[in-house]
Amino acid sequence: MKDIKELKEAIANKTPLVWNDPDPIPGNDYTIIFIEEIDEEEFDRYTPILIQYGGGSEAQVYLSEIIYK
């Protein structure tokens with residue numbers, strides 16, 4: 001994602017997203033099933049975002065690691 005507005009638009013449109021894990025485990029499903037509520041006013045590109053992916057695993061990821069499926 002290039003910015004928080006693009007992410008919020010993707011969430012609103014229910015666009016499938018995945019976590020582009022920089023250290024992926026082969027066979028893991030990185031499809032994002034939940035993204036925490038994000039405060040745009042306090043957000044910058046270094047703010048970690050809490051997600052749930054695959055079977056319910058959690059990770060804190062950066063905006064740049066979230067991509068379209």
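Throughout, read-outs are computed from the coordinates displayed, never taken from laboratory work. Everything numeric here is computed off the predicted structure, so don't read it as measured data. Every residue, glycine as well, gets a Cβ built from its backbone with ideal geometry; the counts of neighbours run over all protein chains shown.
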Among region 32-69, those whose backbone N falls under 15 Å of a label point 7 Å along Cα→Cβ from Lys8 are 36-45
For Rg and Dmax of the Cα atoms in Å the list reads (1) 11.4, 36; (2) 12.7, 41; (3) 16.8, 54; the calculated value is entry (1)
To the nearest 20 debye, what charge dipole does the chain have about its Cα centre, counting +1 at the Cβ of each Lys and Arg and -1 at the Cβ of each Asp and Glu? 380
What longest region of the chain stays clear of GluC sites (Glu not before Pro) that DSSP places outside H, G, I, E and B and that have at most 15 other Cβ atoms within 10 Å? 1-35
Once amide hydrogens are built 1.01 Å from N within the peptide plane, the residues lying 5 or more places from Leu17 or on another chain with amide H under 5 Å from its amide H are Ile32, Lys69
